[in-house]
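Below is one structure, written out as structure tokens; comments come after it.
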Protein chains: 2
Amino acid sequence: MFLSTSHNKIDLKCRVSIPASFRVNLEKTNETLILFKSLQFKCIEGTTSSRMQTYINAIDELDALSDDAFLLRMMMADSFEIKFDINGRVVIPDILMNFAGLNNKAVFMGIGGSFYIWSPAEYENQYLKSQKILKEKGPPKLFIKKKIE
Amino acid sequence: MFLSTSHNKIDLKCRVSIPASFRVNLEKTNETLILFKSLQFKCIEGTTSSRMQTYINAIDELDALSDDAFLLRMMMADSFEIKFDINGRVVIPDILMNFAGLNNKAVFMGIGGSFYIWSPAEYENQYLKSQKILKEKGPPKLFIKKKIE
DNA sequence: TTGACTACCATAAATTCCCATGCTATCCCA
DNA sequence: TGGGATAGCATGGGAATTTATGGTAGTCAA
């Protein structure tokens, strides 16, 4: 489970500390870290090797010529298997730095099965957007249902 | 089940004792504690890891582009897996301290499957509000029905 | 031989762990 | 039934560990 949010610094070598709780989550299951371009947002998505494998398997299930299959393959193409240094830091590939508009700060946002890496500005946007939706539409249906039961 | 209310002190390190009865409830089922921003109130909500896992699983079931999925992911980002010290104390993350307006006192309020942590002032507000509704509208229908049966 | 990349070392700050203390509720026996 | 012993809980403090981050030396390829 990837949870919580934290703001870490990216140095001149594009190195950044992965939050300790995320690292523990990976080590616990002996998984490697995969980083790739988010399909929905201007951010990097990080996940476990095994979860990535399920995406790959999903492609085989799809119509090989479908748009979905096409998109998933493009996603794979910009995926990177990432190694940690002894202090729990990783180097973010240039392609991903540019894609997410990252510079010298990264916001790590755990979302359960994976996590996002945002630029501070983009993170702020998304956070405000969520507050707006919450105000206008209220909490998710699922959440309300579960609570009453 | 989390029941009853208690007032505990938050020290300078943002540590606070979780009421013993809540702790027993977690230990009994070997669950870890998750704290997150309430979606409805200006307070922290506490729940079990397994309950949080059901929300996470739900995200995969939802339309990934929907508002509900978006809000649930944001909820994960504002959730923290919390460890106890040997005395049953936890550290409340800064983000949650600020969100709930907590300072040096916390009111724990069990509500069944989860519990709330309020600032004393906010708790007082909510309590008065509930008393007012009770006076004007009487007890909830659900409650009356249960009692008669 | 220069530039990029990797592996490792160093350090300050933050966090965690554990021991100690005081309080309160409970128990037990005279 | 009263009063002291006991156990569990809430809280304070400080030592030990971990984390985030800066830096350097070694390595490989162009």
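Could you go through the range A:29-44 and let me know if any residue there is within 14 Å of chain B (Cβ to nearest Cβ), closer than 27 Å to B:ASP94 by Cβ, within 16 Å of DNA strand D (Cβ to nearest atom) and touching a residue at least 24 places away in the same chain (Cβ under 8 Å). No, that holds for no residue.
Name the residue, out of A:GLY113, A:GLY138, A:GLY88, that is within 13 Å of another protein chain (Cβ to nearest Cβ) and within 17 Å of A:THR32 (Cβ to Cβ).
Details: A:GLY138 fails: within 17 Å of A:THR32 (Cβ to Cβ); A:GLY88 fails: within 13 Å of another protein chain (Cβ to nearest Cβ).
None of the others qualify; the one that does is A:GLY113.
Of everything in the range B:4-28, what is closer than 18 Å to B:ARG89 by Cβ and of a type in the set (D, E, K, R)? Give them in sequence order. Working first, answer last.
First, pick out the residues of the range B:4-28 that are closer than 18 Å to B:ARG89 by Cβ: B:6-27.
The answer is B:LYS9, B:ASP11, B:LYS13, B:ARG15, B:ARG23, B:GLU27.
B:ASN103 meets each of the listed conditions (1) within 16 Å of DNA strand D (Cβ to nearest atom); (2) touching a strand residue (DSSP E or B) at 6+ places or on another chain (Cβ under 9 Å); (3) open to solvent by 60 Å² or more (accessible area, probe 1.4 Å); (4) outside any helix (DSSP H, G or I) apart from (2). Exactly one residue out of A:THR47, A:THR54 is away from DNA strand D (no atom under 16 Å from the Cβ) and under 15 Å from the mean Cα position of the chain (by Cα), and it is A:THR47. I'd like the residue in the range B:116-146 that is modelled with pLDDT under 95 and among the small types (Gly, Ala, Ser) and, out of all such residues, is most open to solvent (accessible area, probe 1.4 Å). Among those that are modelled with pLDDT under 95 and among the small types (Gly, Ala, Ser), it is B:SER130. For B:ILE95, indicate whether it is under 21 Å from A:TYR127 (Cα atoms), within 13 Å of chain A (Cβ to nearest Cβ), within 16 Å of DNA strand C (Cβ to nearest atom) and not charged (D, E, K, R). Yes: the conditions hold for B:ILE95. You will find that of A:ILE10, A:ILE34, A:ILE44, the residue that is open to solvent by less than 60 Å² (accessible area, probe 1.4 Å), touching a Leu at 6+ places or on another chain (Cβ under 9 Å), at pLDDT 90 or above and within 16 Å of DNA strand C (Cβ to nearest atom) is A:ILE10 and no other.
The values are calculated or read from the model by the stated rules, or taken from the named source; none is laboratory data. Just so we're clear, the structure is a prediction, and the values are computed from it rather than from any experiment. FYI the Cβ positions are ideal-geometry reconstructions off the backbone, even for glycines, and counts take in every protein chain you see. Side chains are part of the model used for accessible areas, which takes the heavy atoms of the whole protein and leaves out ligands, DNA and RNA. Shrake-Rupley method; radii C 1.70, N 1.55, O 1.52, S 1.80 Å.
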